[in-house]
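What follows is a short report on a single structure.
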Amino acid sequence: MRETDWYKKMSFYQIWIRSFKDGNGDGIGDLYGVYEKLPYIRSLGVDGIWFSPIYPSPNADYGYDISDYKDIHPDYGDLDLFTKVLDRAHELGLKVIMDLVVNHTSDEHPWFQESRKGRDNPYSDYYIWRDKPNNWASLFEGEAWEYDPERGQYYLHIFAKKQPDLNMDNPKVREEVKEILRFWLDLGVDGFREDVINFISKEEGLPDGLFFLPAARGMSHYKDGPHIHEYMAEFREVCREYDCIQIGEGPMTTVRSALKYLSGPGKSLDMMFSFDHMMADCLYTEYLHRPFRLRKLKRAFSKWQKALDGRAWNALYLENHDHPRVISRYGDGRHGSLRRIPLFWKESGKMLAVSYLFQQGTPFIYQGQEIGMLNIRLNSIEQYADVSSRNNYYRYHVKDSIKKRLKRIHISSRDSSRTPVQWSDERHAGFTEGEPWFYVNNNYHTINVADEENDPGSILNFYRKCLELRKHSRTLIYGSYREYFPKDKRIYLYERRLGKMRYLIICSFVRRPVRVRLPEAYQNRRGRLLLCNYPKTVKKEELNLYAPEGDSVKELLVSKIADHGYFRPYEARVYAFSSK
């Protein structure tokens with residue numbers, strides 16, 4: 001393998017295929033739709049695609065319960081069609097990475113079907129069986145153990161009941177994982193995103209867990225387990241045979257533990273998706289929701305930026321298939337009703353792009369994020385498809401009214417990131433000519449790709465500008481990171497610096513005019529304004545204060561940043577400075 005850092009210069013687009021684009025009219029997104037939209041993906045300025053699982057699956061957790069690791073789900077196509085998509089993506093200069101889910105399988109996987117037959121079966125120890133369960137809780141569905149009458153024992157499932165955990169302590173299981181890696185790498189894929197990879201090694205003896213959080217009971221005995229780095233080293237050896245990347249997902253991981261995967265002689269991953277910055281509204285499950293706090297978000301951003309600088313590489317993201325839409329969480333969507341588009345929907349969507357795309361790391365953009373898609377509001381828990389949302393609705397705050405419980409689901413459900421992508425204002429948002437598998441957000445008449453393509457000031461075209469700026473700046477890729485004014489509750493201000501070049505990135509997180517104070521080193525200096533999320537800046541003599549019709553929010557238009565200058569609601573700017 002050629003040791004390389006090509007991934008540092010890249011940005012990725014994540015496809016959750018079921019809701020991306022239907023190409024054969026059956027209401028389900030598929031590889032036909034992906035093939036059709038590859039030129040669109042390339043036009044964004046990204047350099048690669050990450051496919052959430054597209055393998056055969058009963059869909060208890062929509063693809064993350066895999067029943068065959070070496071095939072394509074028939075809803076999405078077949079291996080020939082996948083190869084066609086892969087080849088076309090490579091022709092367009094797009095790399096392709098697959099989701100590797102090896103903490104667990106589906107209970108319909110042949111391995112599990114054999115394992116449950118008895119203790120003398122060759123697959124008996126592929127999973128974790130016990131006569132008597134411990135007290136661990138499942139993150140998705142009740143307790144972490146399920147009794148199987150055919151085998152007469154309990155099996156472990158950290159996630160849903162139909163997702164039994166593999167026994168990675170069994171060398172045969174690890175050999176199976178290596179075969180899976182080689183299968184897809186030989187087909188030509190460029191790497192893997194490895195799902196909950198820090199959970200695959202369980203503590204010997206499986207001791208009882210502590211009761212600090214109901215859903216996380218037992219996590220200290222399976223997160224970063226005793227043999228995790230041995231097993232990861234084995235998988236890394238396979239990937240060294242290919243010029244590919246490995247990106248881990250590390251739920252609840254700390255900087256200290258992440259660095260053990262990302263740096264030093266035992267490095268087993270090129271990047272890791274952490275969760276700290278997704279906790280700025282304490283949103284891990286409906287159980288934990290709290291109001292958004294900018295200082296909490298900034299602390300998480302800066303902690304990872306500082307700790308990894310010069311030692312490892314960050315994976316940057318604000319949305320994926322596991323989190324609600326970010327404008328509804330951190331942008332103007334956190335104010336008011338889900339029934340209407342927020343007043344500063346466009347401005348806050350662009351500002352959030354600036355807040356993370358220019359940090360040090362490789363950016364990931366989730367489908368629909370680039371057009372500012374928002375959370376959906378459904379009227380009944382029965383309308384939600386996500387196993388986690390249903391479990392949390394019936395598990396937490398059960399003494400509250402149905403209305404209050406549903407409100408938590410509206411805020412936090414993963415289904416909000418899984419509504420069909422809104423391609424146009426045509427029927428079903430242009431996603432399908434059939435009946436869509438899941439609800440389309442009613443706001444698709446306003447929020448859709450076709451309209452934003454024709455609007456130079458759209459969120460979509462702003463993402464393109466951001467990615468173009470990043471791609472052509474060594475400073476924005478490799479430069480150091482420094483945050484200013486970390487205690488400010490309204491402004492996120494950080495610097496990227498390399499040699500004589502400096503970039504100052506300033507983001508307002510409030511829906512009112514806010515006075516911006518510059519760092520002392522930048523006062524009385526003139527920089528070039530490279531990017532702003534408002535269409536224009538007015539001259540100082542045109543300073544104007546007005547209230548938009550029908551709303552009490554006041555917006556202040558200003559011309560240039562100064563020591564006592566104002567920013568408009570959710571305004572973001574990127575300035576460049578060069579030393580003499």
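The values are calculated or read from the model by the stated rules, or taken from the named source; none is laboratory data. This structure is a prediction, so every number in the text was calculated from the model and none was measured. Cβ coordinates were reconstructed from backbone atoms using ideal geometry, including for glycine residues, and neighbour counts include every protein chain displayed.
Structure notes:
- Residue among F159, F235, F192 that alone is under 26 Å from A60 (Cβ atoms) and in a helix (DSSP H, G or I): F235
- Taking the criterion of being touching a strand residue (DSSP E or B) at 6+ places or on another chain (Cβ under 9 Å) and among the aromatic types (F, W, Y), the residues of segment 23-57 that qualify are W50, F51, Y55.
- Segment 96-148, subset closer than 15 Å to D68 by Cα and among the β-branched types (V, I, T), residue surrounded by the fewest Cβ atoms within 10 Å (Cβ to Cβ): V102
- Only a single criterion out of (1) in a loop (DSSP other than H, G, I, E, B); (2) under 15 Å from the mean Cα position of the chain (by Cα) is not satisfied by E370, namely (1).
- Which numbered condition F485 fails, given (1) hydrophobic (A, V, I, L, M, F, W, C); (2) surrounded by fewer than 15 Cβ atoms within 10 Å (Cβ to Cβ); (3) free of Cβ contacts under 8 Å to residues at least 40 places away in the same chain: (2)
- One residue stands out among those in segment 1-14 that are in a helix (DSSP H, G or I) and out of contact with any strand residue (DSSP E or B) (no Cβ under 7 Å at 6 or more places or on another chain): the one that is modelled with the lowest pLDDT, which is W6.
- Residue check for I477: aliphatic (A, V, I, L, M) and in a strand (DSSP E or B): no
- R482 meets all of the listed conditions (1) assigned to a loop (DSSP other than H, G, I, E, B); (2) within 30 Å of K9 (Cβ to Cβ) but one, namely (1).
- Residue within segment 380-390 that is over 22 Å from the mean Cα position of the chain (by Cα) and in contact (Cβ under 8 Å) with a residue 40 or more places away in the chain present: yes
- Considered as a group, the residues in segment 1-51 that are of a type in the set (S, T, Y) and over 22 Å from L460 (Cβ atoms) include one that is surrounded by the fewest Cβ atoms within 10 Å (Cβ to Cβ), and that residue is T4.
- Per this entry, S473 is not counted among residues that are closer than 26 Å to N533 by Cα, assigned by TED's automatic domain parsing to the domain that holds L378 and either surrounded by 15 or more Cβ atoms within 10 Å (Cβ to Cβ) or within 21 Å of the chain's Cα centre (by Cα) (or both).
- The single condition among (1) buried (at least 19 other Cβ atoms within 10 Å of the Cβ); (2) without any contact (Cβ under 8 Å) to a residue 40 or more places away in the chain; (3) charged (D, E, K, R) that R414 does not meet is (2).
- Candidate set from segment 424-440 (those that are buried (at least 23 other Cβ atoms within 10 Å of the Cβ) and touching a residue at least 60 places away in the same chain (Cβ under 8 Å)); member that is farthest from the chain's Cα centre (by Cα): T432
- Among the residues of segment 386-410, those identified as among the β-branched types (V, I, T) and surrounded by fewer than 21 Cβ atoms within 10 Å (Cβ to Cβ) are V398, I402.
- Exactly one residue out of P519, P456 is out of contact with any helix residue (DSSP H, G or I) (no Cβ under 7 Å at 6 or more places or on another chain) and without any contact (Cβ under 8 Å) to a residue 12 or more places away in the chain: that is P456.
- Selected residue (criterion: surrounded by the most Cβ atoms within 10 Å (Cβ to Cβ)) from residues of segment 251-292 that are at pLDDT below 90 and not in a loop (DSSP other than H, G, I, E, B): E286
- Test: residue in segment 419-431 that is touching a Ser or Thr at 6+ places or on another chain (Cβ under 8 Å), within 14 Å of S380 (Cα to Cα) and either of a type in the set (F, W, Y) or in the same structural domain as G372 (by TED's automatic domain parsing) (or both): no
- Qualifying residue in segment 522-533 (condition: crowded, with 17+ Cβ neighbours inside 10 Å, in contact (Cβ under 8 Å) with a residue 24 or more places away in the chain and under 19 Å from G361 (Cα atoms)): no
- Given (1) part of a loop (DSSP other than H, G, I, E, B); (2) closer than 30 Å to I506 by Cβ; (3) of a type in the set (F, W, Y), number of the condition W437 does not satisfy: (2)
- Candidate set from segment 221-238 (those that are under 11 Å from Y261 (Cβ atoms) and not acidic (D, E)); member that is surrounded by the fewest Cβ atoms within 10 Å (Cβ to Cβ): A233
- Tally, over segment 372-385, of residues that are of a type outside the set (S, T, N, Q) and surrounded by fewer than 22 Cβ atoms within 10 Å (Cβ to Cβ): 5
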